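A short worksheet on the structure shown next.
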Amino acid sequence: MYTDYKHEPFTDFTKEENQKEFLEALAVVKKDIGKEYPLVIDGKEVTTKDKLVSYNPCNHDEVIGSVSKASTKDIDAAFEAAKKAFPAWSQTNPVARAELLFRAAAIMRRRKHELSATVVKEAGKPWVEADIEVAEGIDFLEYYGRQMIELKDGKKIESRDGESNQYLYTSAGVAVTIPPWNFSAAIMMGTTVAPLVAGNTVLLKPAEPTPIIAAKFVDIMREAGVPDGVLNFVPGEPHEIGDYLVDHKDTALITFTGSKATGLRIMERAAKVQEGQRHLKRVLAEMGGKDTVVVDKDADVETAVNAIVTAAFNFSGQKCSAGSRAVIHEDLYDTVAQRVVEETEKLTLGDSEKYENYLGPVINQKAYDKVTSYIEIGKKEATLLTGDESDDSTGFFIKPTIFGDAAPDARIMQEEIFGPVLALCKASSYEEAIDIANNTEYGLTGAVISNNVDHLEYAKQNFHVGNLYFNRNCTGAIVGYHPFGGFKLSGTDSKAGGPDYLLQYLLPKSISQML
Ligand code: NAD
């Protein structure tokens with residue numbers, strides 16, 4: 001029997017023995033460097049000539065591994081396999097489907113450091129954050145498994161005399177999973193196993209910079225016993241197979257996490273009913289953010305500084321939840337700005353393989369060019385307070401950069417940069433600070449640092465974000481504790497890791513029987 005859900009503990013890397021174990025895991029991952037991984041279609045491994053190559057962002061000459069690249073023909077074969085597997089899988093006892101996830105979680109726990117070390121190498125994520133991410137992946141398996149067991153008998157509805165009514169959940173069909181690279185383990189795992197445990201069959205197309213961690217996860221699911229055709233692994237280039245997956249007549253569900261531009265494209269294309277399609281596609285699209293830490297005039301300065309620095313620079317700002325802007329009451333602005341700069345200048349930047357580095361690189365050349373171009377924009381729009389040093393000779397390293405006195409409508413205050421760049425903005429009142437916090441097209445996360453109870457209540461009503469945090473930073477949501485998803489153009493607010501999440505992968509069926 002399974003226990004009550006509790007989130008997976010994080011590794012304490014201040015302990016020498018844990019550091020030693022992690023170094024050993026990194027060595028294991030290094031031994032596999034250069035390995036090739038196949039597609040998996042209908043339970044069979046398929047090797048193609050064309051490969052998707054994964055590089056280390058800390059050292060762009062180092063190949064982490066490569067995976068076979070799916071063509072549209074392979075995608076067709078995967079849809080056929082998923083359709084064939086659907087009737088049996090959707091009618092498999094939901095408890096057995098949940099147990100598959102629990103088994104996979106147990107395997108992941110045994111291989112936890114190896115998986116985290118893969119994230120370190122492939123995504124350039126620092127140790128602590130890679131460890132938290134793999135814990136989050138395990139949490140998704142444990143949480144959604146339990147959620148499916150809760151939903152297996154449907155929900156109670158009323159029956160009149162002489163009638164017996166039932167409200168049951170059935171599965172929808174073939175689900176396509178399209179995750180981002182920035183949570184290449186956790187989001188990829190969560191958005192694969194949620195439709196799957198709900199009885200749907202899945203085509204997983206990982207993000208192109210990070211296919212290796214996905215290949216390892218698919219291996220784990222196979223070891224745990226996922227039946228043939230239920231989980232198909234089809235990595236590839238989005239310009240070759242992205243639209244094809246979305247447009248396919250057999251796609252019933254799409255779980256996308258990524259940029260606003262791609263999300264909007266998917267929503268639009270999925271709305272069109274294709275020839276031979278006899279259902280409407282459901283899309284869960286979780287997209288970008290431009291998240292704000294608001295600092296009230298009576299705030300505790302050190303709480304504010306810690307919240308701003310960690311929200312802005314964890315994983316080099318490459319999080320949809322990153323606090324890429326801070327709006328500070330004018331009474332505290334100078335003090336907080338000075339302390340934020342002081343603390344930021346202490347952060348260490350370098351190869352993520354070294355535990356002592358707080359920040360690693362950005363993911364690739366495209367991201368490096370984008371972030372550095374925003375630093376140039378920032379220099380024209382606001383006052384550079386620190387940073388503006390970058391080096392892509394070995395890896396894609398950008399020093400944490402802060403701009404002060406940014407105007408509320410400056411581009412660096414409005415657009416998602418997705419890198420270690422923070423804008424500070426001054427507000428003359430708390431209400432004005434909340435207005436500024438609401439002034440973008442996004443509505444994902446936000447934090448308020450304040451000791452004023454009325455102001456916190458005001459934020460509950462008026463700070464329009466899907467995830468609101470008080471007196472802490474605005475990143476680091478934990479499955480089952482901080483269900484995650486945003487308003488406005490941040491997405492469909494599907495609330496990953498929340499109590500309603502699985503319902504989105506199920507079709508409620510109402511049955512009425514005369515007695
Ligand atoms: P992206 O949009 O470039 O790619 C995301 C995924 O979509 C990848 O798997 C990619 O291969 C695929 N893709 C690209 N074009 C496609 C197409 N035409 N059809 C189908 N699939 C396509 O985003 P990214 O750079 O990988 O991720 C960063 C973005 O993700 C940021 O904007 C970040 O805010 C967002 N994000 C949001 C959340 C959230 O929960 N809201 C979480 C993590 C990341």
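The values are calculated or read from the model by the stated rules, or taken from the named source; none is laboratory data. Computed from a predicted structure; not experimentally measured. Note that we place each Cβ from the backbone using ideal geometry, even for glycine, and neighbour counts take in every protein chain shown. Please note that ligands, DNA and RNA were not included when accessible areas were found on the heavy atoms of the full protein model with its side chains. Shrake-Rupley method; radii C 1.70, N 1.55, O 1.52, S 1.80 Å.
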Item to check | Sites matching chymotrypsin sites (Phe, Trp or Tyr not before Pro) across region 460-501 that sit in DSSP coil, with at most 16 neighbouring C-beta atoms within 10 Å | outcome: Y481
Checklist outcome for this item: Phi angles of region 153-164, converted by Karplus (6.51 cos²θ - 1.76 cosθ + 1.60, θ = phi - 60°) into ³J(HN,Hα) in whole Hz with x for Gly and Pro, give 9, x, 10, 6, 10, 8, 10, 8, 4, x, 9, 10
Checklist entry - Residue farthest toward the positive end of the dipole of the chain, with Cβ of Lys/Arg at +1 and Asp/Glu at -1: which of A410, P227, T3? => result P227
Next on the checklist: What does the charge count around K319 come to, taking other residues whose C-beta lies under 11 Å from its C-beta (Lys +1, Arg +1, Asp -1, Glu -1)?
Outcome noted: -3
Checklist entry - Quick one: how many lysine pairs in region 358-430 have C-alpha atoms under 19 angstrom apart, if they're 8 or more apart or on different chains? => result 8
Checklist entry - Do any GluC sites (Glu not before Pro) in region 371-438 lie in a DSSP loop with no more than 13 other beta carbon atoms within 10 Å, and if so, which? => result E389
Checklist entry - Under 15 Å from the Cα of K30, which aspartates and glutamates turn up, not counting those fewer than eight places away in the same chain? => result E21, D61, E62, E114, E122, D351, E353
Item to check | Charge context of G476, other residues only, Cβ under 10 angstrom, K/R +1, D/E -1 | outcome: 0
Checklist entry - Put a dot 7 Å past each Cα toward the Cβ at E389 and E457; how far apart are the dots in nm? => result 4.9 nm
Item to check | Nearest-20 debye value, the chain charge dipole, Cβ charges on Lys, Arg, Asp, Glu | outcome: 1880 debye
Checklist outcome for this item: Any aspartates and glutamates whose Cα falls less than 15 Å from that of K15, other than same-chain ones fewer than 8 residues away, would be E24, D131, E356
Next on the checklist: Whole-Hz ³J(HN,Hα) for each residue in region 490-504, computed from phi via Karplus 6.51 cos²θ - 1.76 cosθ + 1.60 with θ = phi - 60°, x for glycine and proline: what do you get?
Outcome noted: 7, x, 8, 6, 6, 6, 4, x, x, x, 9, 4, 5, 4, 6
Item to check | Packing-based order for 261-274, 292-305, using average beta carbon neighbours within 10 Å, highest first | outcome: 292-305, 261-274
Checklist entry - Can you give the net charge of the other residues whose Cβ lies under 12 Å from the Cβ of A337, counting K and R as +1 and D and E as -1? => result -3
Item to check | Portion, in percent, of the accessible area of the chain that falls on carbon or sulfur, probe 1.4 Å | outcome: 50 percent
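Antiparallel versus total DSSP beta bridges in the chain: what percent is that, nearest 5? Write down the numbers at each step before the final one.
Working: 29 of 69 bridges.
Given both bridge residues lie in the chain, the antiparallel proportion sits at roughly 40 percent.
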Next on the checklist: Just to confirm, what accessible area per residue do you get for region 175-249 at 1.4 Å probe, in whole Å²?
Outcome noted: 19 Å²
Checklist entry - Reachable lysines from K155, Cα under 22 Å, same-chain residues fewer than 8 places away excluded? => result K495, K509
Item to check | All-pairs alpha carbon distance profile, the chain, 20 Å steps from 0, percent | outcome: 23, 54, 21, 1
Checklist entry - For region 1-55 and region 228-299, what is the separation of their C-alpha centers, rounded to whole Å? => result 25 Å
